[in-house]
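One structure is given below, encoded as structure tokens.
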Ligand SMILES: C[S@@+](CC[C@H](N)C(=O)[O-])C[C@H]1O[C@@H](n2cnc3c(N)ncnc32)[C@H](O)[C@@H]1O
């Protein structure tokens with residue numbers, strides 16, 4: 001689902017430890033901007049180098065502003081379910097892309113919310129995380145995911161895709177991730193992932 005990044009100006013929204021920023025840099029991106037709310041994540045990302053070609057900045061995706069037409073490719077992996085207002089973010093991304101620029105993201109699939117611990121099936125408010133209770137009730141959901149009281153913003157697939165369309169994007173591909181048969185043969189415990197998609201992946205174009 002990724003475009004060719006060589007020669008591209010790339011932004012990674014919620015870049016964490018920066019592994020995708022490094023991948024884009026190694027694959028020929030002319031410049032990569034990694035944005036994250038967490039100073040600790042960014043410190044780890046910076047420490048991993050390289051010293052040139054990638055810039056890391058602190059930013060809240062709910063308050064983000066980006067210069068007009070300043071990127072060819074905007075990427076985000078598993079960060080958008082922490083964003084309250086995706087419509088605002090998608091509009092920001094749309095105007096920040098050059099015409100024809102790509103936006104590819106993954107997000108936690110709204111039918112499933114990563115629970116407190118493997119095997120625990122309720123969130124901090126006692127709602128089922130798989131299949132999620134009250135799928136059609138959008139808004140914040142609190143879970144003890146790595147830390148206590150983590151807030152995720154639950155949205156239906158329709159809301160996410162319509163926000164893209166209304167922001168002016170053309171949607172190229174929507175993927176509800178499943179492991180391949182070969183991956184399951186190599187790692188049988190992956191068969192559990194056929195039960196439901198954990199991730200929603202979308203590629204779109206300005
Ligand atoms: C599950 S991690 C994914 C990190 C990385 N993209 C990856 O795939 O390895 C989610 C990241 O989103 C960041 N994040 C959460 N809410 C954010 C916000 N409002 N603004 C910016 N970053 C945020 C977190 O600090 C964390 O680094």
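The values are calculated or read from the model by the stated rules, or taken from the named source; none is laboratory data. Note that the coordinates shown come from a computational prediction; the quantities given were computed from them, not determined experimentally. All Cβ positions, glycine included, derive from the backbone under ideal geometry; neighbour counts span all protein chains shown.
Within the stretch 26-44, the residues that satisfy the criterion of being assigned to a helix (DSSP H, G or I) and either surrounded by fewer than 19 Cβ atoms within 10 Å (Cβ to Cβ) or more than 9 Å from the ligand (Cβ to nearest atom) (or both) are 26, 39, 40, 41, 43, 44.
Rundown of residues vs (1) at pLDDT below 95; (2) within 8 Å of the ligand (Cβ to nearest atom); (3) in a helix (DSSP H, G or I); (4) over 27 Å from residue 176 (Cβ atoms), yes/no style:
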site	(1), (2), (3), (4)
6	no, no, no, yes
21	no, no, yes, no
24	no, no, yes, no
50	yes, no, no, yes
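Does the stretch 75-88 contain any residue that is on the phi > 0 side of the Ramachandran plot and in contact with a helix residue (DSSP H, G or I) (Cβ under 8 Å, 6 or more places away or on another chain)? No, that holds for no residue.
Residues that are surrounded by 12 or more Cβ atoms within 10 Å (Cβ to Cβ) and modelled with pLDDT under 90 were ranked within the stretch 134-148; the one that is nearest to residue 79 (Cα to Cα) is 145. Applying the criterion of being assigned to a loop (DSSP other than H, G, I, E, B) and within 15 Å of the ligand (Cβ to nearest atom) to the residues of the stretch 52-71, the residue that is surrounded by the most Cβ atoms within 10 Å (Cβ to Cβ) is 61. Just to be sure before I move on: is residue 91 farther than 23 Å from residue 198 by Cβ, touching a residue at least 24 places away in the same chain (Cβ under 8 Å) and part of a helix (DSSP H, G or I) in the structure I sent? Spelling it out, residue 91 is indeed farther than 23 Å from residue 198 by Cβ, touching a residue at least 24 places away in the same chain (Cβ under 8 Å) and part of a helix (DSSP H, G or I).
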